[in-house]
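Report on the following structure.
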Amino acid sequence: MLNFEPRQLAIVAGKEFRDRLRSRWVLVAATVFTVFALVIAFFGTASEGAVGLQGLDATIASLVSLVIYLVPLIALILGYDAVVGESERGSLDLLLSMPITRAEFLLGKFCGLAAALAVATFVGFGLVGAIFAWSLGVGAMAPYLVFMLSTLALGCVFLSLAVALSVAAKSRVTAIGLAVALWFFYVLVYDLLLLGSLVADDGRYSGAVLPFALMLNPTDVYRLTNIAALPDMRSLYGLATVVPDALGRIPLLGSVLVLWIVTPLFAAYRLLEVK
């Protein structure tokens, strides 16, 4: 059973968040997000001979494709040494010997890192959102709000996975290696395997399980969440077209993302208990 006091958790989270601010990680990440979002919003159609603010749907579609590659990598880099780094510095045993439970330590670490990621995400993508809100009106911004919230959720999923890797790994080198392998698998390899299985049996068997297999990849769940917010995006993503409407609802997809966040954290807690 998890045992933690909110005050103790907040102390650990606050320290982690301040450390990220002092290291300027938040500033760098927010700047990267802002630059990419502005370039996509204003120059996304430059190859077609047009420059200027794109439509909201086209911008979100382009940003989703960018986020799937960029945000998981940033989140994994942010969290891969959260615990193993403390161990290599010799401070982990000292921290765990203090009047703080392992749950408080682990959740505090995660919450502080997630807060840093949230600031970077909302500051970075918020400027483009403000430009669209000024141009189209606040009432038209619901899909962009879904985009930003789901982007943060995707980042927290990979942050949770990174923390779990950090607990399991014996060294920072091992942790970063596992983090990169995880990024390659979920971002690049997983969908290729699904597509290959679909082609190999002409969809006779894999077609039935494919919609559920997509739920096992957080990047696919993220993609489907934004497709649910903007149905016109459905034609842009081949695998997404096989998902039935019952599985393509935002509350359900959001719940799957939350489960993706909680499960690795719980596994990390159980691993940390035996250390």
Listed residues 25, 134, 183, most fluctuating in the chain (Gaussian network, C-alpha, under 10 Å): 134
Separation of alpha-carbon centers, region 77-106 and region 146-214, rounded to whole Å: 26
Hz values of 3J(HN,Hα) by residue in region 147-156 - Karplus curve (6.51, -1.76, 1.60), Gly and Pro given as x: 4, 5, 5, 5, 5, 5, 4, 4, x, 5
Selected from 162, 29, 208 as most flexible by GNM, with the chain as the system and alpha-carbon contacts under 10 Å: 208
15, 170, 109 arranged by Cβ crowding within 10 Å, fewest neighbours leading: 170, 15, 109
Inter-label distance, nm, simple model (7 Å from Cα along the C-beta direction), residue 123/residue 271: 3.0
Burial ranking of peptide ranges 147-159, 58-70 (average Cβ count within 10 Å, highest at the top): 147-159, 58-70
Highest-MSF residue in the chain out of 98, 215, 141 [GNM, Cα springs under 10 Å]: 98
Mean Cα-pair separation over length for the chain, i.e. relative contact order, pairs under 8 Å, 6 or more apart, %: 26
Mean residue ellipticity (222 nm) of the chain, computed from DSSP H runs ≥ 4 via -39,500 (n - 2.57), nearest 500: -24500 deg cm²/dmol
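FYI, it's all coordinate maths here, none of it is from the lab. On a predicted model such as this, the values are computed, not experimentally measured, just so you know. Cβ: placed from backbone, ideal geometry, glycine included. Neighbour counts: every protein chain shown.
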